[in-house]
Amino acid sequence: MEPAYFPLAAVVLAVVLCSCQSYTLRGSVSWVGPPNDVAEDADLSEEDAGLWKQVYPPSSVRGDSVESPGELVKSENDNVAQLSSSRLSSSSSPPPHQETARTARYIAHYSDWGHLATISTQDKIKGLPFGNIFSVSDGPLDNSTGVVYFYVTPMDNTVSDLRSNPYASLTFSEAEGEFCRQMVYDPEDPRCARLTLTGKMVEVEPEELEFAKEAMFSRHPVMAKWPVGHKWFFMKLELVQVWLQDWIGGVSLIPLEDYFKATPF
């Protein structure tokens with residue numbers, strides 16, 4: 001009798017099925033309703049809850065010990081208290097989102113950098129918006145002022161822009177820290193707070209220089225060693241408007257008086 005031969009494809013398929021029999025294939029994304037991470041979630045409308053459903057990334061899909069979406073939500077709820085204490089790097093516990101002035105001060109104080117938008121003087125984009133990243137500080141970690149300071153050089157395109165038009169907007173995001181990633185909040189999710197401070201950029205006056213230096217160098221010590229040939233100097237943002245998005249349901253325009261009266265601690 002002649003020996004029987006099996007098609008190669010059948011053999012490969014059999015091997016694959018045998019080696020994978022203990023695994024469950026799943027889609028790369030699981031959709032579930034938002035967890036009850038804070039009490040205020042309970043009063044979200046059904047439409048809002050559906051819009052801001054959380055997406056669990058492929059890394060949450062396991063082999064033999066695959067967790068169901070319900071188990072993932074339960075696990076996250078158990079850790080909310082721990083996560084909320086690390087919304088931004090080196091920060092204390094954040095204020096409730098209803099306290100908008102405190103939230104704005106909290107983000108401004110505990111953010112180490114922000115995105116500054118100016119009106120460009122560069123030839124190809126003259127008159128158009130131009131954004132740049134800057135390290136910032138509103139004071140040493142134990143002394144928040146709400147006034148944001150910068151350490152800049154005339155060699156920077158943004159400084160050239162400010163000499164032509166001193167008005168600018170500085171934007172911060174909670175996505176800078178670990179909180180939004182741990183909660184699986186997209187940076188555009190309203191629960192991942194955003195703060196935009198708009199105002200006039202001015203050079204720090206001599207009587208304020210010592211504090212500006214302490215504010216910047218205590219938070220960014222490497223700056224003290226930057227080359228003096230770049231002619232670094234200190235600037236600050238004199239506020240005109242405080243804009244905050246920190247929850248579902250719209251934005252807040254915070255009166256300057258309330259902003260400066262509040263504390264991030």
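Just so you know, all these numbers are worked out from the coordinates, no wet-lab data involved. Remember, predicted model here, so these are calculated numbers, not experimental data.
Worth pointing out:
- Rg [Å, one decimal], Dmax [Å, integer] - region 86-261, C-alpha atoms: 16.1, 49
- Computed extension length for E99-I125: 5.4 nm, one decimal, from 0.36 nm per residue of separation with the Cα-Cα distance subtracted.
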